[in-house]
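Everything below concerns the one structure shown next.
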Amino acid sequence: MLIKINQYDAHGGPSNQKLGGDGQMQTSTREGRYVINSIGKHVSYGKYAYWSGVAWGTEMRLTGEITMVKNYGIWIRLTDVNPQWGKYKDNQKYLTGMIKQRYLEDYGLSNFPDHWVFNDFGHTSVKYFKDTNHNWRMDGKEQIMGDFIHTTPPDERLTSIKKADQISLSESHGCIHVKPLDIDTMIGNGYLKKGNTIEVHSYAEKTIPVNLTRSIARPPFEVHFYPGIFKIAIYRVSQKN
């Protein structure tokens, strides 16, 4: 038996695929039952490798006109992080100007930032996989899903200036957007934890049941996302099935 104990705001992808404002396709958050594999800062290597190629919170500094980042404990040029930023290796002044302009646009501050606050996936992310053999660990041909739980830079900014109450979660490209304080709470309370189950429900479901039953469930908690009503519900698993 699963008993609902809490709920949080959350926003997934659209119910039907469409082209997003950034030119990337927005897809539905995929329905199913999954198991959390990892929690941590996301770094992109593909189409989001510019601003998301550096982990949120990475230390930054200026050396002359060169943007430096502390990558795994070592100070390197931003242009050495990946090929995308490497395109600016011969134009360091222009690159630093880009960083300052982005910081001004996002935070209204004209100084150079001391930490990277531009990653599209926020300060932490929760990644999960389809556990086809029900052993609660990723093995065999199981793979991390492209959909995962994360925050966004605009919501991180509002939280940083004590205006989290003004957050209106945006529609995603398929991931599950949550508020920065909420993801920290869910992690801190053990709701979002490696090995816990996440279930994504149908967009057609418009109510959150107080109780659920599942043939396979493991204590202590399950996380259920209802994309049709923009909510995550936390259920306590009352007994091992």
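The values are calculated or read from the model by the stated rules, or taken from the named source; none is laboratory data. Just so we're clear, the structure is a prediction, and the values are computed from it rather than from any experiment. As a convention, Cβ positions derive from the backbone with ideal geometry for all residues, glycine included, and neighbour counts pool all protein chains shown.
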For this session: Being among the aromatic types (Phe, Trp, Tyr) and at pLDDT below 95 is the filter; apply it to the range 1-50 and report the residue that is farthest from ILE99 (Cα to Cα).
Result: TYR45
Exercise. Since GLY64 meets every condition but one in (1) farther than 18 Å from PHE118 by Cβ; (2) out of contact with any helix residue (DSSP H, G or I) (no Cβ under 9 Å at 6 or more places or on another chain), which condition does it not meet?
Worked result: (2)
Exercise. Taking the range 193-240, which residues are in a strand (DSSP E or B) and basic (Lys, Arg)?
Worked result: LYS231, ARG236
For this session: Could you tell me whether the range 102-115 includes any residue that is surrounded by 16 or more Cβ atoms within 10 Å (Cβ to Cβ) and not assigned by TED's automatic domain parsing to the domain that holds ARG218?
Result: yes
Exercise. For residues in the range 128-154 being under 21 Å from TYR50 (Cβ atoms) and not β-branched (Val, Ile, Thr), which is modelled with the lowest pLDDT?
Worked result: GLY146
Problem set entry | Considering residues of the range 178-210 that are hydrophobic (A, V, I, L, M, F, W, C) and exposed (fewer than 14 other Cβ atoms within 10 Å of the Cβ) only, the residue nearest to SER168 (Cα to Cα) | ALA204
Seminar exercise, completed: Given the conditions (1) out of contact with any helix residue (DSSP H, G or I) (no Cβ under 9 Å at 6 or more places or on another chain); (2) among the charged types (D, E, K, R); (3) farther than 20 Å from THR152 by Cα, every one holds for ARG77 apart from (1)
For this session: Could you figure out which of (1) at negative phi; (2) crowded, with 19+ Cβ neighbours inside 10 Å isn't true of GLY122?
Result: (1)
Seminar exercise, completed: Conditions (1) surrounded by 15 or more Cβ atoms within 10 Å (Cβ to Cβ); (2) modelled with pLDDT under 95 -> ARG157 fails only (2)
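Inspect the range 149-160 for any residue being within 14 Å of the chain's Cα centre (by Cα), in a loop (DSSP other than H, G, I, E, B) and in the same structural domain as LYS18 (by TED's automatic domain parsing) and give the result as yes or no.
Just the residues of the range 149-160 that are within 14 Å of the chain's Cα centre (by Cα), to begin with: 149-156.
Narrowing further to those that are in a loop (DSSP other than H, G, I, E, B): 151-152.
Now restrict to residues that are in the same structural domain as LYS18 (by TED's automatic domain parsing): 151-152.
Looking through the range 149-160, at least one residue is within 14 Å of the chain's Cα centre (by Cα), in a loop (DSSP other than H, G, I, E, B) and in the same structural domain as LYS18 (by TED's automatic domain parsing).
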For this session: Assess whether THR67 counts as being outside the structural domain of ASP131 (by TED's automatic domain parsing), part of a helix (DSSP H, G or I) and either crowded, with 17+ Cβ neighbours inside 10 Å or out of contact with any strand residue (DSSP E or B) (no Cβ under 6 Å at 6 or more places or on another chain) (or both).
Result: no
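Kindly indicate the residue of the range 160-177 that is within 26 Å of PRO113 (Cβ to Cβ) and among the aliphatic types (A, V, I, L, M) and also surrounded by the most Cβ atoms within 10 Å (Cβ to Cβ) among those meeting that condition.
ILE167
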Exercise. Hey, does the range 211-229 have a residue that's farther than 25 Å from ILE39 by Cβ and of a type in the set (Gly, Ala, Ser)?
Worked result: yes
Exercise. Of all residues in the range 220-241, which are modelled with pLDDT under 95 and touching a strand residue (DSSP E or B) at 6+ places or on another chain (Cβ under 8 Å)?
Worked result: SER238
